[in-house]
Amino acid sequence: MHILIVDDEALARNRLRALLKDAGTECGSVREAANAAEALALLQERAGADIDLVLLDIHMPGQDGLALAQTIQQLAHPPAIVFVTAHVDHAVSAFELDAADYLTKPVRLARLQQAIAKVQRLPRAAAQPPVPAGNEPALVIQERGRTVRIPMAEVLYLKAEQKYVTLRTFSRSYILDGSLLELESRHADHVIRVHRSMLVARRALRALEKHFDPEEGEGWAVRLHGLAELLPVSRRQVASVRESLLQFTDPASRT
């Protein structure tokens, strides 16, 4: 695992280095950055594309860790992010940015080991074989006089509205014509139905959770990588969603 430590305090970076050594993690490399600009420069280098995990402070001079995390999420193959901070009041914002974990200083060895283990269980898009650009599945959208091609790899979900379908990616939403049934049939390898009005990207599935809805009562919801909101799952789709999630789970963790 290749790790980048981002913290403006040298003592904090040194402590994390020492903890990583004690944690017994097989690190290919541990790099450091003292601010957001240095971190982004490292991540945008060719070598930076191999970074698996960013241990990220929040309060730093210049761009803070939360803003940097938003930028990191826009990279082609974003690494996992674990926030490491002395402040506990940013936890909600951190998890809205899809952080893998949130550690408070002083960091305990056991919590660092737990966070790393969680990251190691996450699927990484960068580890998948690249798809030739000419054959990459995509949706073509007509928008304000221009034609936009949206690769399926960028799609988070497709939601049927009254007379159209909303397509949500990491960065924004689009409107397209067509039926949800047709989209499900054409892109069955990439999406799974979670509700009568919604398809979600299989590769974005992160968790299936019990969820209470004020209108519908106790039910289920799915959490997606890169999305803060929970999406409802109908009872009849729970089994298929759980099965799809297990395809990305370490078999040893199921026992």
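The values are calculated or read from the model by the stated rules, or taken from the named source; none is laboratory data. Because the structure is a prediction, the values reported are computed rather than measured. Cβ: placed from backbone, ideal geometry, glycine included. Neighbour counts: every protein chain shown.
Six or more apart or on different chains, Cβ under 8 Å: which pairs go from a residue in the stretch 221-239 that's in the same structural domain as Ile192 (by TED's automatic domain parsing) and free of Cβ contacts under 8 Å to residues at least 60 places away in the same chain to one that's crowded, with 18+ Cβ neighbours inside 10 Å and among the small types (Gly, Ala, Ser)? Could you list them? Taking only residues 6 or more apart or on different chains, the pairs are Leu230/Ala221; Pro232/Ala221; Val233/Ala221. Restricting Glu216, Glu182, Glu161 to residues that are out of contact with any helix residue (DSSP H, G or I) (no Cβ under 9 Å at 6 or more places or on another chain), more than 25 Å from Ala138 (Cβ to Cβ) and at pLDDT below 90 narrows the list to Glu216.
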